[in-house]
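J.: Mind looking over this structure? Questions follow.
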Amino acid sequence: DQQVKQNSPSLSVQEGRISILNCDYTNSMFDYFLWYKKYPAEGPTFLISISSIKDKNEDGRFTVFLNKSAKHLSLHIVPSQPGDSAVYFCAATPFIAFGTGTRLTIIP
Amino acid sequence: DGGITQSPKYLFRKEGQNVTLSCEQNLNHDAMYWYRQDPGQGLRLIYYSQIVNDFQKGDIAEGYSVSREKKESFPLTVTSAQKNPTAFYLCASSMLPQGSSPLHFGNGTRLTVT
């Protein structure tokens with residue numbers, strides 16, 4: 001039973017434009033959300049997080065938005081760069097549940 | 001450099017053999033985790049350990065075993081009872097168990113069983 005869902009397996013965005021990756025969750029006990037970025041044959045690396053007491057967290061080109069009433073979070077990357085091409089996982093704690101990932105491709 | 005080391009990167013075994021995947025960390029983290037990644041299924045938790053000499057089953061522990069004799073080490077054994085062992089295995093650690101501390105991942109071991 002997937003408690004964290006990423007419904008878009010892939011996304012292509014033009015370089016310089018905004019990339020928006022979405023994530024939905026079902027368990028209202030989740031209190032902290034994280035985004036990880038993964039390149040092929042490597043382990044995921046932590047990107048950005050947000051606590052459930054906030055609705056937005058920003059770090060450079062990356063912003064995560066949380067809508068608790070909709071049980072939805074999104075990661076915005078602006079402007080998108082070719083090095084952003086990777087698989088992005090959202091995750092939620094305290095049960096450390098991961099989504100299935102979205103493969104982002106930035107088109108030069 | 002602090003980090004998590006998984007070895008080997010690629011591992012091949014015959015069906016019916018047990019195999020142990022190594023995971024070592026020098027981050028002084030208390031909690032360690034094993035995940036499995038299959039295409040289209042994200043990361044699924046196999047086992048985790050919050051402290052030395054203690055570990056808990058994750059969502060898909062059947063066919064796997066672990067030990068945590070030292071803080072730095074959390075080896076995973078894939079036994080012959082695991083029905084679909086071919087996968088990409090990721091080890092991770094965190095400062096706080098199951099909290100807001102991000103996971104630090106190793107670079108994974110790809111296991112192929114034929």
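J.: Which residues, counting only those in the range B:42-57, are surrounded by fewer than 14 Cβ atoms within 10 Å (Cβ to Cβ) and touching a Pro at 6+ places or on another chain (Cβ under 6 Å)?
T.: Hits for the range B:42-57: nothing passes.
J.: Based on what the data block shows, is B:Leu45 of a type in the set (A, V, I, L, M), in contact (Cβ under 8 Å) with a residue 60 or more places away in the chain and within 19 Å of A:Phe98 (Cα to Cα)?
T.: So B:Leu45 does not fit the description; no.
J.: Something else about it: Give the number of residues within the range A:5-24 that are among the polar types (S, T, N, Q) and surrounded by fewer than 17 Cβ atoms within 10 Å (Cβ to Cβ).
T.: 5
J.: Also, quick follow-up: Could you grab me the full set of residues in the range B:58-70 that are within 14 Å of the chain's Cα centre (by Cα) and either open to solvent by less than 70 Å² (accessible area, probe 1.4 Å) or within 15 Å of B:Thr20 (Cβ to Cβ) (or both)?
T.: Once the filter is applied, which keeps residues that are within 14 Å of the chain's Cα centre (by Cα) and either open to solvent by less than 70 Å² (accessible area, probe 1.4 Å) or within 15 Å of B:Thr20 (Cβ to Cβ) (or both), the range B:58-70 yields B:Gly58, B:Ile60, B:Ala61, B:Gly63, B:Tyr64, B:Ser65, B:Val66, B:Ser67, B:Arg68.
J.: So, one more: Please state which of the following conditions B:Leu96 fails to meet, knowing it meets all the rest: (1) farther than 22 Å from A:Thr93 by Cα; (2) more than 15 Å from the chain's Cα centre (by Cα); (3) of a type in the set (A, V, I, L, M, F, W, C).
T.: All conditions are met except number (1).
J.: Continuing with the same structure: Going through B:Asn53, B:Asn107 one at a time, which residue ends up being more than 14 Å from chain A (Cβ to nearest Cβ) and either at pLDDT 90 or above or within 22 Å of A:Val4 (Cα to Cα) (or both)?
T.: Criteria check complete, one pass: B:Asn53.
J.: Another one. For the range A:79-88, indicate whether the set of residues that are closer than 17 Å to B:Ser100 by Cβ, in contact with a Phe, Trp or Tyr (Cβ under 7 Å, 6 or more places away or on another chain) and assigned to a strand (DSSP E or B) is non-empty.
T.: no
J.: Looking at (1) under 15 Å from A:Tyr88 (Cα atoms); (2) at pLDDT 95 or above, which is the only condition A:Glu42 fails?
T.: So A:Glu42 meets the others, but not (2).
J.: Which one of these is basic (Lys, Arg) and within 14 Å of the chain's Cα centre (by Cα): B:Lys83, B:Lys9?
T.: Details: B:Lys83 fails: within 14 Å of the chain's Cα centre (by Cα).
Every option except B:Lys9 fails the conditions.
J.: To continue, here is another question. In the range B:83-101, how many residues are without any contact (Cβ under 8 Å) to a residue 60 or more places away in the chain and open to solvent by 30 Å² or more (accessible area, probe 1.4 Å)?
T.: Residues flagged as without any contact (Cβ under 8 Å) to a residue 60 or more places away in the chain and open to solvent by 30 Å² or more (accessible area, probe 1.4 Å) within the range B:83-101 amount to 4.
J.: Now a separate question. For the range B:1-34, how many residues meet the condition of being surrounded by 12 or more Cβ atoms within 10 Å (Cβ to Cβ) and in a strand (DSSP E or B)? I'd like the intermediate steps shown before the answer.
T.: Restricting attention to the range B:1-34, the residues satisfying the condition of being surrounded by 12 or more Cβ atoms within 10 Å (Cβ to Cβ) are B:3-7, B:11-13, B:18-27, B:29-34.
Restricting the remaining residues to those that are in a strand (DSSP E or B) gives B:4-7, B:11-13, B:19-25, B:31-34.
So the count comes out to 18.
J.: Right, next: What residue, of A:Thr93, A:Thr63, is buried (at least 16 other Cβ atoms within 10 Å of the Cβ) and at pLDDT below 95?
T.: Details: A:Thr63 fails: at pLDDT below 95.
None of the other options fit; the residue is A:Thr93.
J.: So which of A:Ala70, A:Ala92 is farther than 17 Å from A:Gln14 by Cβ, outside any strand (DSSP E or B) and of a type in the set (A, V, I, L, M, F, W, C)?
T.: Matching residue, one of A:Ala70, A:Ala92: A:Ala70.
J.: Here's something else I'd like to know. Of all the residues that make up the range A:25-51, how many are open to solvent by 50 Å² or more (accessible area, probe 1.4 Å), among the polar types (S, T, N, Q) and within 14 Å of chain B (Cβ to nearest Cβ)?
T.: Of the residues in that region, 1 qualify.
J.: Something else now. Scan the range A:55-95 for residues that are aliphatic (A, V, I, L, M) and over 14 Å from the mean Cα position of the chain (by Cα) and report the count.
T.: Of the residues in the range A:55-95, 1 are aliphatic (A, V, I, L, M) and over 14 Å from the mean Cα position of the chain (by Cα).
J.: Select, from B:Ser80, B:Ser100, the only residue that is modelled with pLDDT under 95, in a loop (DSSP other than H, G, I, E, B) and in contact with a Gly (Cβ under 7 Å, 6 or more places away or on another chain).
T.: Testing whether each residue is modelled with pLDDT under 95, in a loop (DSSP other than H, G, I, E, B) and in contact with a Gly (Cβ under 7 Å, 6 or more places away or on another chain) leaves just B:Ser80.
J.: Among all residue pairs at least 6 apart or on different chains, which show Cβ distances below 8 Å where the first residue, located in the range A:7-23, is more than 14 Å from every other protein chain (Cβ to nearest Cβ) and the second is open to solvent by less than 50 Å² (accessible area, probe 1.4 Å) and of a type in the set (D, E, K, R)?
T.: Qualifying pairs under 8 Å: A:Ser19/A:Asp84.
The values are calculated or read from the model by the stated rules, or taken from the named source; none is laboratory data. Everything numeric here is computed off the predicted structure, so don't read it as measured data. All Cβ positions, even for glycine, are placed from backbone atoms using ideal geometry, and neighbour counts span all protein chains on display. Keep in mind that these areas ignore ligands, DNA and RNA; they rest on the heavy atoms of the full protein, side chains included. Shrake-Rupley method; radii C 1.70, N 1.55, O 1.52, S 1.80 Å.
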